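> Here it is, the structure in full.
Bear in mind that the values in this text are calculations on the coordinates, not laboratory data. All figures in this text were calculated on a predicted structure; none of them were measured in a lab. For neighbour counting, all protein chains shown are included, and Cβ atoms are generated from backbone atoms with ideal geometry for every residue, glycine included.
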Amino acid sequence: MVEINPWSSKIYEDYEELLVNFGIERFDESMWKDLPNPHRLLRRGVVFGHRDFGRIKRAISERKPWVILTGLMPSGKMHLGHKMVIDQVKYYQDLGADIFIAVADMEAYATRNISFEESRKLAVEEYISNYIALGIDPEKCQVYFQSKREEVKNLAYVFGKKINWSQLVATYGFTSSTNMAHAYAPLIQAGDILHVQLEKFGGVRPTLVPVGVDQDPHLRLCRDIARAFRFFNVDRARDGRIGVFLKTEQDVKKLLDVAENVVKGYGLRDIERIDDYRAIYLNDAKDEDIELLNEEMAKAEVENGGYGFIQPSSTYHRLMMGLDGGKMSSSRPESAIFLSDDEGTVRRKVLSAKTGGKVSLEEQRKYGGEPEKCMVYELFLYHLIENDEELLDIYNRCRGGELKCGDCKKLAVELLNQLLRDIREKRGDEKEIEKIISD
Ligand code: TRP
Ligand code: SF4
């Protein structure tokens, strides 16, 4: 079985297997087709999996508040792989989400040995100014540093109470020589994700974390944590009955009173409260009610001294391949297009990219190329061609042997340089960067 390790340099190719083995849901057409102007990364299957995205769809269609939290480790220069995350964030910002972006300086310190000063410099010069260039509205977004946000660190500490070492070993393959800062990184990330549901940051609400699929272990852990800190479970019990179940043993009567009020306020009538079981059975509830009631209960928990976290939803995108067919990584400059690459560099990198072309032009004409294996096609698909028909045309002409790799590369160089020129022009100045950073 494949394992997902967020810190390894493995390339994930078999996305099907990830869906099956980890219980990630398929992000199929039914997930995106009702969204306003679905983003190309959603339409084209680049975002291929999710957990609980239905909750976000509902918030969007009912115009209820929801929030995006994602994060990037400032470990080098910002490249096209990172851009995918910000492209999605920008899309969701336009749909009305609150936006938070973490600079994962603690994770970079723990796992990449990058000092906090270095992180700050890298983040400001290489990342944040590009977020603005990519269209993130600084007025409606908080970019913060993990190391500077007390609430994140405090939550991480509190979360530690419900996570034991063998869970971390099972999830990440940690060993007895894993250093403690590294061991702490997943808890800090859970702090990132859940702190946006604290009152100070907008309160309990559906939270979406759009990330590369390598981040799924963190999300599984974070969802467990969110659940562990709830007082109530709203669920279908093993005997098939839907109910509200109190998990704590303190203040049973008081908390069940709270739950009873919520349930009645929600409109359910046929209820059966059994204090000894710490349960309220909801005989007239339906499956659709479970999630809604759960959100109502979460709010009531906050009023009664709890956190009331709603489990975060997530979407997973494929990781961009490197130009050479390996992993796209800042540590191998030839594998990646950086947003700061100049025109000559872009040309050189694209011209030497791995394609799905055949060894000779003659064979290519006869058998056609393989866009699925082509890094140039991937550039078109992920970043350079917005129009679906235009993209399909390239796909078909490649397969049909009509296209020459040389011509494709020329087009890619042109479009890419245009894109990067645009980004250079719009890059945020100091004032805008100051405005978007919020410690
Ligand atoms: N772990 C992520 C990475 O390796 C960065 C990150 C930190 C993050 N906190 C986050 C991602 C919260 C999503 C949500 O790049
Ligand atoms: Fe890739 Fe274009 Fe060559 Fe097809 S013709 S393999 S899309 S570069």
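> Per 0.36 nm of contour for each residue apart, how much would the distance between Asn113 and Lys253 grow if the chain were fully extended, relative to their Cα-Cα spacing?
Stretched out fully, the Asn113 to Lys253 stretch lengthens by 45.3 nm.
> Under a point-charge model restricted to the Cβ atoms of Lys and Arg (+1) and Asp and Glu (-1), what is the dipole moment magnitude of the range 236-321 relative to its Cα centre, in debye to the nearest 20?
260
> Using the C-alpha atoms of the range 232-303, what convex hull volume per residue, in cubic angstrom, is computed?
Considering the Cα atoms of the range 232-303, their hull volume per residue is 79 Å³.
> Please give the FRET efficiency for Arg348 paired with Asp137, using the beta carbon to beta carbon distance and R0 = 51 Å, rounded to the nearest 0.05.
Once the sixth-power term is evaluated, E becomes 0.90.
> So what's the gap between the Cα centers of the range 305-384 and the range 19-97, to the nearest angstrom?
First find each Cα centre; the distance between them is then 19 Å.
> I would also like to ask the following. Between Asp439 and Tyr12, what is the label-to-label distance in nm when each label sits 7 Å out along the Cα-to-Cβ direction?
3.5
> Moving on to the next point. Using only DSSP helix segments of four residues or longer, with each worth -39500 (n - 2.57), what per-residue ellipticity at 222 nm results for the chain after dividing by its residue count and rounding to 500?
-13500 deg cm²/dmol, from helical runs alone.
> Would you tally the net charge around Pro333, using a Cβ to Cβ cut-off of less than 10 Å, leaving Pro333 out, and scoring K and R as +1, D and E as -1?
After counting each charged neighbour, the total is +1.
> Distance in nm between label sites at Asp393 and Lys299, each 7 Å beyond Cα in the beta-carbon direction?
So the two model labels end up 5.0 nm from each other.
> For Ser177 and Lys200, calculate 0.36 nm times their separation in residues minus their Cα-Cα distance, and state this gained length in nm to one decimal.
4.5 nm
> If you take the beta carbon distance between Asn283 and Arg365 as r and set R0 to 45 Å, what does 1/(1 + (r/R0)^6) give as a FRET efficiency, to the nearest 0.05? It would help to have the intermediate numbers written out before the result.
Details: r = 70 Å, r/R0 = 1.55.
Efficiency, from the Cβ-Cβ distance: 0.05.
> For the chain, what proportion of DSSP beta bridges, expressed in % and rounded to the nearest 5, is antiparallel?
Counting only bridges with both partners in the chain, antiparallel ones make up about 50 percent.
> Work out the length of the dipole vector of the range 1-134 about its Cα centre, built from +1 on the beta-carbon of each Lys and Arg and -1 on the beta-carbon of each Asp and Glu, and round it to the nearest 20 debye.
Roughly 440 debye for the range 1-134.
> If you line up the long axis of helix 216-228 against the longest principal axis of the chain, both from Cα atoms, how many degrees apart are they, to the nearest 10?
Helix 216-228 and the main axis of the chain meet at about 10 degrees.
> Now, a different point. Given Cβ point charges of +1 (Lys, Arg) and -1 (Asp, Glu) and nothing else, what value in debye, to the nearest 20, does the dipole of the range 150-278 about its Cα centre take?
140
> Next question. So what is the relative contact order for the range 17-63, in percent, with contacts set as C-alpha pairs under 8 Å and at least six apart?
39
> With an 8 Å Cα cut-off and a minimum separation of 6 or more residues, compute the relative contact order for the chain in percent.
That works out to 20 percent.
> Within the range 277-392, how many Lys pairs that are eight or more residues apart, or on different chains, come under 23 Å at the alpha-carbon?
The result is 11.
> Select from Gly308, Gly49, Gly356 the residue whose mean-square fluctuation is largest in a Gaussian network model of the chain (Cα-Cα springs shorter than 10 Å).
Between Gly308, Gly49, Gly356, it is Gly356 that shows the largest mean-square fluctuation.
> Pairs Lys404/Lys426; Lys161/Lys431; Lys33/Lys410; Lys64/Lys254; Lys200/Lys431: which exceed 31 Å Cα-Cα?
Values: Lys404/Lys426 34 Å; Lys161/Lys431 41 Å; Lys33/Lys410 33 Å; Lys64/Lys254 29 Å; Lys200/Lys431 25 Å.
Among Lys404/Lys426; Lys161/Lys431; Lys33/Lys410; Lys64/Lys254; Lys200/Lys431, the Cα-Cα distance tops 31 Å for Lys404/Lys426; Lys161/Lys431; Lys33/Lys410.
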